[in-house]
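The values are calculated or read from the model by the stated rules, or taken from the named source; none is laboratory data. Remember, it's a predicted structure, so these values are computed and weren't measured experimentally. Here the Cβ positions follow ideal geometry from the backbone for every residue, glycine too, while neighbour counts run over all protein chains shown. What goes into the accessible areas is simple: the full protein's heavy atoms, side chains included, and nothing from ligands, DNA or RNA. Shrake-Rupley method; radii C 1.70, N 1.55, O 1.52, S 1.80 Å.
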Amino acid sequence: MSLQIQLLTLSVMAGSGAFMGALFDVYRVLSGQLRPPRWLVPLLDIGYWVVATLFVFRSLLYSNDGQVRMYVFLALLLGVWLYFKLFSWLTVRLVEWCIRFVKALIRFFLKTIEVIVIGPIRFLYRVLIVLIGFLWAFTIFLGKIVLQLLYPFYALGRFLLRPLLKRLKMPGWLNRFLVLCGKGVQAVRRLFRRNG
């Protein structure tokens, strides 16, 4: 193996170590912010190590066709150490800023939906309730007027038909029907009086 390939392998492995450190910081900050359930933490740890291992192996294949030497592990450790000494704080702050940005974006999106969609629906609902209440009050008012206008005819008809009804022998079902009609008219009048 030539010196050039060895230097390439050293630099690629140091970069892979730095990548593993950065990936660990991202994973650590995200798991601290999102707080996954305890049973999920071992699976996430295994996922981290699988991704890191595959990345290191792919980098090793690229740099020296996958030949594993002692200096490969030393370069990985050197990359991880340098990353944690120099860049870990920057990655943590960057990830925290990204999380805050995403949360602000989600809040803005929810507020926009509140203003554009939910607000108008609430307004239309309130307008509809007011309109239905107004129509109900107007219907009661008209019903009272109609009852007041029809009451003289009802009283006159009752006055005129009372002697006739006394002389005629009505069938029982017709008598019950007329009694029910009278009770219905009285119930409607009571309803309109109560709502007025």
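Inspect all residues belonging to region 88-108 and state whether any of them is surrounded by 10 or more Cβ atoms within 10 Å (Cβ to Cβ) and over 30 Å from VAL26 (Cβ atoms). No; the residues of region 88-108 include none that is surrounded by 10 or more Cβ atoms within 10 Å (Cβ to Cβ) and over 30 Å from VAL26 (Cβ atoms).
Any chance region 123-145 includes a residue that's without any contact (Cβ under 8 Å) to a residue 24 or more places away in the chain, among the basic types (Lys, Arg) and over 30 Å from ALA187 (Cβ atoms)? Yes: region 123-145 contains one or more residues that are without any contact (Cβ under 8 Å) to a residue 24 or more places away in the chain, among the basic types (Lys, Arg) and over 30 Å from ALA187 (Cβ atoms).
Of all residues in region 42-62 being free of Cβ contacts under 8 Å to residues at least 40 places away in the same chain and over 39 Å from the mean Cα position of the chain (by Cα), which is most open to solvent (accessible area, probe 1.4 Å)? Walk me through it before giving the result.
We begin by selecting, within region 42-62, every residue free of Cβ contacts under 8 Å to residues at least 40 places away in the same chain; these are 42-55, 57-58, 61.
Filter once more, so that each one left must be over 39 Å from the mean Cα position of the chain (by Cα): 57-58, 61.
On the way: PHE57: 112, ARG58: 168, LEU61: 69 Å².
Per the stated criteria, the residue is ARG58.
Residue count for region 3-45, restricted to those that are in a helix (DSSP H, G or I) and under 22 Å from THR91 (Cβ atoms): 27. Across region 14-50, the number of residues qualifying as of a type in the set (A, V, I, L, M) and farther than 19 Å from PHE84 by Cα comes to 7.
For region 63-85, a residue qualifies if it is open to solvent by 90 Å² or more (accessible area, probe 1.4 Å) and within 46 Å of the chain's Cα centre (by Cα), and the qualifying residues are LEU77, TRP81, LYS85.
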